[in-house]
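Please treat every number below as a calculation from the coordinates, not as lab data. Model, not experiment: these values are computed from the prediction. Ideal geometry is used to build each Cβ from the backbone, glycine not excepted, and the neighbour counts take in all protein chains shown.
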Amino acid sequence: MREAVETIPPNMSEPSAQIKPGTPAPDFTLTDQSGNDWSLSDRIGKVVLLLFYPANETLVCTRQLCSLRDNWSKYLDTKAEIVGISSGSREANEAFASKYRLPLQILADEDRTVTSIYAKHWLLPLNFMRGLTVIDARGMVRTHQTMLRAFRPNDHDVILRLYAARAEAIEDRRNELRARVRRMILG
């Protein structure tokens with residue numbers, strides 16, 4: 001049985017806020033390529049995949065997002081919400097998404113504030129890194145990975161991580177219902 005954890009996200013401005021599995025995911029709000037605000041806190045109750053990539057129109061980033069597009073139906077089957085996060089402007093992200101027919105929302109983190117929290121490496125600069133974070137329905141980090149920008153995550157592995165986070169959410173809900181029924185029966 002998993003240990004219960006507090007679900008209040010830490011303040012992102014605190015230097016001690018580290019992204020680790022089993023910790024609350026820091027909340028943030030960014031603008032997507034259509035100009036809409038997107039907030040992590042609005043997604044409580046859903047599994048979320050955050051894909052941090054260094055730049056639009058680079059070889060590995062384009063391959064990563066086109067591979068995601070080509071496997072989109074498999075990603076949708078997980079019932080997770082998938083977003084890309086780039087240091088590009090809203091307009092640049094819109095052009096990139098349109099050019100490659102990318103089905104996901106791409107959030108603009110032009111000053112890299114959010115990226116510096118989620119995809120930071122202890123030694124290498126942000127523009128050398130990409131990151132992947134799976135957040136469960138309670139707002140807890142389930143998977144967190146940073147890698148050199150020359151590498152990209154394997155779609156199959158990412159999809160398995162999303163299913164694992166979803167299974168945990170279903171198990172949590174089952175346990176809540178079981179406890180409620182026990183209370184009702186035992187009075």
**Message:** What's the magnitude of the charge dipole for the chain around its Cα centre, counting Lys and Arg as +1 and Asp and Glu as -1 at the beta-carbon? Answer in Debye, nearest 20.
**Reply:** 720
**Prompt:** How big is the Rg/Rh ratio for region 98-187, C-alpha atoms only, Rh by Kirkwood, two decimals?
**Reply:** 1.15
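Average the reciprocal distances over every distinct pair of alpha-carbons in the chain, invert the result, and give the Kirkwood radius in Å. Walk me through the numbers on the way to the answer.
Details: mean 1/r = 0.0582 Å⁻¹.
With all distinct Cα pairs of the chain included, I get 17.2 Å.
What is the dipole size for region 116-187, taken about its Cα centre, with +1 at each Lys and Arg Cβ and -1 at each Asp and Glu Cβ, in debye to the nearest 20? Can you show the working numbers first?
Numbers: 14 positive and 7 negative charges, 47 e Å.
With Lys and Arg at +1 and Asp and Glu at -1, about 220 debye.
Can you tell me how region 30-111 classifies by the Cα gyration tensor, rounded, prolate or oblate, using a/c under 1.5 as the rounded cut? Each step should come with its number before you reach the end.
Values: a/c = 1.84, a/b = 1.12, b/c = 1.65.
Because a/c hits 1.5 or more and a/b fails to exceed b/c, region 30-111 counts as oblate.
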**Request:** Work out the FRET efficiency for Glu91 and Val60 from their Cβ-Cβ distance, taking R0 = 22 Å, and round it to the nearest 0.05.
**Result:** 0.50
**Message:** With angles folded into 0 to 90 degrees, how steeply does helix 90-99 sit against the dominant principal axis of the chain? Use alpha carbons for both and round to 10.
**Reply:** 80
**Message:** Need one word for region 74-148: rounded, prolate or oblate. Basis is the Cα gyration tensor (sqrt eigenvalues a ≥ b ≥ c); a/c below 1.5 gives rounded, then a/b vs b/c decides.
**Reply:** oblate
**Message:** Quick check: the angle from helix 155-186's long axis to the longest principal axis of the chain, C-alpha only, nearest 10 degrees?
**Reply:** 20
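Using only DSSP helix segments of four residues or longer, with each worth -39500 (n - 2.57), what per-residue ellipticity at 222 nm results for the chain after dividing by its residue count and rounding to 500? Please list the in-between numbers first.
Values: 5 runs with 66 residues, N = 187.
Result for the chain, helices only: -11000 deg cm²/dmol.
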**Bridge type composition, the chain - antiparallel percent by DSSP, nearest 5** = 65
**Message:** Which of rounded, prolate or oblate describes region 97-141 when judged by the alpha-carbon gyration tensor and an a/c cut-off of 1.5?
**Reply:** oblate
**Fill in**
Placing +1 on each Lys and Arg Cβ and -1 on each Asp and Glu Cβ in region 47-187, then taking the dipole about the Cα centre, the residue among Ile159, Ile85, Gln105 whose Cα reaches farthest towards the positive end is Ile159
